[in-house]
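Asker: Got a structure for you, written out below as structure tokens; questions coming shortly.
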Amino acid sequence: MTAARNNATRASGIPGLVASITVPPFAGSPFSPFKWLAAALLACASMAALAQPYPNRPINMVVPFPPGGIADLTARVLAPAMGNILGQSIVIENRAGAGGAVGMAHLAKQKPDGYALMTALSSIVIIPASDQVSGRPPMYQMADFTPIALLSADPTILLVPADSPWKTLDDLMKDARANPGKFSYSSSGTYGTTHTAMEMLAQAAGIKLLHVPYKGGGPAMTALLASEVAITVQSPGVANPHVKAGKVRVLGSWGAVRLPSIADVPTMKELGYDVEFYIWAALFAPANMPPDVLAKVRGAVKQAMQDQKFRASMGSMNTPINYLDGAELDDFIAKDAKRLGEVVKRMGKVE
């Protein structure tokens, strides 16, 4: 036994490696000690891999919505920019469902090691409030996440088909007041960003519309183009190609000021409705991320914001970059969570 241990120590080149391992009885097999030695060497190799600087393998980036929405479009230009900086590929995983809650709850359960990230929208702060008003067990809490960086913040816009009889928002409002619940609109999901934005406007205008939820902004946009609904609410990035192609008409914006890309479109406030709403996109990780890994990921995002290809892609979507991190980001999220939580309370339980 002693000779076997000494030989194994010389073979491994790691003094004392085998001396710390208790080898069980042979059970009649002359090969058992070598099996235990192989296992020990494999364990050491695994420990050595874990000790390598982050990142040393591909990173997964969850998008909690189907392809085609602003979260997906943003993630697909952010991932290669960050990947080049970190020296590892970043793989996009669309994990849709429940207005984004399925993918968000999935990320909350992952290891906070920097290999699981998520590009989420402002609906991430709405869903816990909707769980509360609906009497459901929460799928996650904001404390389950580490906010890394704010990427963009776009006001939502109201769209109708180009052949719609409504030329202005006032046209739509007159018909909606005369026909409560008749006109349908698509959203990214119940209590999602676009559902919440439209309900804010409906509350301010005193109208009732028929809500038709979809599994994300992309499918909601497709629904309008296919004439499945009469109205939709979108981010400018998703709507932009269809606006340019003349397939849709923009009746109003939820921004504080007019969007330069559609400067002829008035804001809701200009039209007499005191509402303001932004679809913001931010990068998150699971809670309790090690400070050194957080610093490296955040640094990569900040560098990516200056990447020319990334900036050009965001510009082509008419999605302005709005970067925040650290305490400023935490404060931004907390304030928006409180504001939107009040809107959800007024909406109440949605069947």
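Asker: Excluding ligands, DNA and RNA, what is the solvent-accessible area per residue of the stretch 158-220 at a probe of 1.4 Å, expressed in Å²?
Answerer: 38
Asker: Here is a further query. Straight distance only, please: which aspartates and glutamates reach the Cα of Lys247 with their own Cα at less than 18 Å, same-chain residues fewer than 8 apart left out?
Answerer: Filter leaves Asp163, Glu228, Asp264.
Asker: A further question follows. Over the Cα atoms of the stretch 113-205, how large are the radius of gyration and the largest Cα-Cα distance (Dmax), in Å?
Answerer: In Å, with Rg to one decimal and Dmax whole: 17.2, 55.
Asker: Taking a quarter of the surface of the Cα convex hull of the stretch 140-180, what do you get in nm²?
Answerer: Values: hull surface 24.0 nm².
So the mean shadow area of the Cα hull is 6.0 nm².
Asker: Which lysines does Lys296 reach when only Cα atoms under 20 Å apart count, and residues fewer than 8 places away in its own chain are ignored?
Answerer: Of all the lysines, those that pass the test against Lys296 - Cα under 20 Å, at least 8 places apart if same chain - are Lys111.
Asker: Let me ask something else. Using the Cα atoms as the points, what is the convex hull volume per residue of the stretch 200-304 in Å³?
Answerer: On the way: hull volume 17.0 nm³, N = 105.
Roughly 162 Å³ of hull volume per residue.
Asker: Across every pair of different alpha-carbon atoms, what Kirkwood hydrodynamic radius in Å does the stretch 191-238 reach?
Answerer: Values: mean 1/r = 0.0890 Å⁻¹.
Computed over the stretch 191-238, the radius equals 11.2 Å.
Asker: Also, I was wondering about something else. Using only the Cα atoms of the stretch 69-178, build the gyration tensor, take square roots of its eigenvalues as a ≥ b ≥ c, and label the shape rounded, prolate or oblate: rounded if a/c is under 1.5, else prolate if a/b is larger than b/c, else oblate. Spell out each step's value before the answer.
Answerer: Working: a/c = 3.12, a/b = 1.56, b/c = 2.00.
Oblate.
Asker: Sticking with this one: Over 20 Å between Cα atoms: which of Lys174/Lys269; Lys309/Lys335; Lys182/Lys345; Lys167/Lys244 fall into that group? List each step's numbers first, then the result.
Answerer: Details: Lys174/Lys269 17 Å; Lys309/Lys335 32 Å; Lys182/Lys345 24 Å; Lys167/Lys244 17 Å.
In this structure, Lys309/Lys335; Lys182/Lys345 lie more than 20 Å apart at Cα.
Asker: For the chain, take the longest principal axis of its alpha carbons; what is the angle in degrees between that and the long axis of helix 169-178, to the nearest 10 within 0 to 90?
Answerer: 80
Asker: Also, I was wondering about something else. Considering only protein heavy atoms and a probe of 1.4 Å, how much of the accessible area of the chain is carbon and sulfur, as a whole percent? Intermediate values should be presented prior to the final figure.
Answerer: Details: 9160 of 15950 Å².
Exposed carbon and sulfur together represent 57 percent of the surface.
Asker: Let me ask another. Working from Cα positions, state the angle (0 to 90°, nearest 10) between the long axis of helix 193-205 and the longest principal axis of the chain.
Answerer: 30
Asker: To continue, here is another question. Over the Cα atoms of the chain, what Rg and Dmax result, in angstrom?
Answerer: In Å, with Rg to one decimal and Dmax whole: 26.0, 95.
Asker: Using Cα springs under 10 Å in a Gaussian network model of the chain, which residue among Ser261, Ser187, Ser122 shows the largest mean-square fluctuation?
Answerer: Checking each option, the largest mean-square fluctuation is seen for Ser261.
Asker: Which percent, to the nearest 5, of DSSP beta bridges fully inside the stretch 153-273 are antiparallel? If you can, show how the numbers build up before the last one.
Answerer: Details: 8 of 15 bridges.
Percent antiparallel among DSSP bridges in the stretch 153-273 is about 55.
Asker: A further question follows. Starting from the coordinates of the alpha-carbon atoms of the stretch 243-348, obtain the Kirkwood hydrodynamic radius over all distinct pairs and give the value in Å to one decimal. It would help to have the intermediate numbers written out before the result.
Answerer: On the way: mean 1/r = 0.0591 Å⁻¹.
Result for the stretch 243-348, one decimal place: 16.9 Å.
Asker: Lys302: which lysines have alpha carbons under 18 Å from its alpha carbon, excluding same-chain residues fewer than 8 sequence positions away?
Answerer: none
Asker: If you average the C-alpha positions of the stretch 316-340 and of the stretch 64-96 separately, how far apart do those two centres end up, in angstrom?
Answerer: Distance between centres, Cα-based: 19 Å.
The values are calculated or read from the model by the stated rules, or taken from the named source; none is laboratory data. Owing to the predicted nature of the structure, the values given are computational and were not obtained by experimental measurement. SASA here: full protein model, heavy atoms, side chains in, ligands and nucleic acids out. Shrake-Rupley method; radii C 1.70, N 1.55, O 1.52, S 1.80 Å.
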